[in-house]
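To keep things clear, I will list the structure first and then write my remarks on it.
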Amino acid sequence: MMYYLHRLSDQFIGFNVFFYVTFRAIAAAVTAFLVTLVFGNFIIRKLTALKLGQPIRAAAEVHRLAELHGGKQGTPTMGGVLIIGAVFVSSCIWARPDNRFVWLALFSMIYLGALGFERALQAYFPNRTRGNYHRGFPQ
């Protein structure tokens with residue numbers, strides 16, 4: 001979207017920076033960082049409220065390891081939702097919308113993120129049946 005602002009460089013000389021990929025890449029990184037700062041706390045609280053935290057095995061199973069990792073009990077493990085969302089939003093704002101490789105990369109990232117999300121849900125709900133597929137997504 002922001003890429004098309006370079007067309008205003010005839011009227012305002014400063015808008016020609018939107019044509020440069022280096023400027024848009026830096027701006028996209030800053031935008032993704034700001035999105036994670038703004039929405040990160042909300043998403044982490046929501047994942048904690050949904051009880052999608054790290055399961056820790058009992059002390060009888062792993063002995064000393066349970067003592068070392070006991071503080072991690074309940075830590076949300078699906079932070080990829082936040083990262084993928086921030087990269088997707090930032091890319092939609094700053095990338096060239098007519099570049100098919102941008103869309104290929106974005107939809108590949110979304111697909112693989114959904115695959116990881118489904119795998120993580122299998123860890124929390126192992127007794128769910130998944131229909132005809134052995135796993136949720138075709139591989």
### Query
Where residues in the stretch 122-139 are modelled with pLDDT under 75 and in a helix (DSSP H, G or I), which of them is surrounded by the fewest Cβ atoms within 10 Å (Cβ to Cβ)?
ALA123
### Close pairs from the stretch 35-46: first of a type in the set (D, E, K, R) and modelled with pLDDT under 90, partner assigned to a helix (DSSP H, G or I) and loosely packed, with under 15 Cβ neighbours inside 10 Å, Cβ under 6 Å, at least 6 apart
none
### Number of the condition not met by ILE56 [criteria: (1) at pLDDT 65 or above; (2) surrounded by 13 or more Cβ atoms within 10 Å (Cβ to Cβ)]
(1)
### Task
Would you mind finding the one in VAL35, VAL30 that is assigned to a helix (DSSP H, G or I), among the β-branched types (Val, Ile, Thr) and surrounded by 14 or more Cβ atoms within 10 Å (Cβ to Cβ)?
VAL35
### Query
Restricting the first residue to the stretch 94-115 and requiring it to be closer than 17 Å to ALA28 by Cα, which pairs with a second residue that is not in a helix (DSSP H, G or I) meet a Cβ separation below 7 Å and a spacing of at least six or different chains?
PRO97/MET1; VAL102/ALA95; VAL102/ARG96
### Message
Name the single residue that is nearest to VAL21 (Cα to Cα) among those in the stretch 99-121 being in a helix (DSSP H, G or I) and not hydrophobic (A, V, I, L, M, F, W, C).
### Response
ARG100
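The values are calculated or read from the model by the stated rules, or taken from the named source; none is laboratory data. Bear in mind that the values here come from a model prediction, so they are computed numbers and not experimental data. Note: ideal-geometry Cβ built from the backbone for every residue, glycine included; neighbour counts use all protein chains shown.
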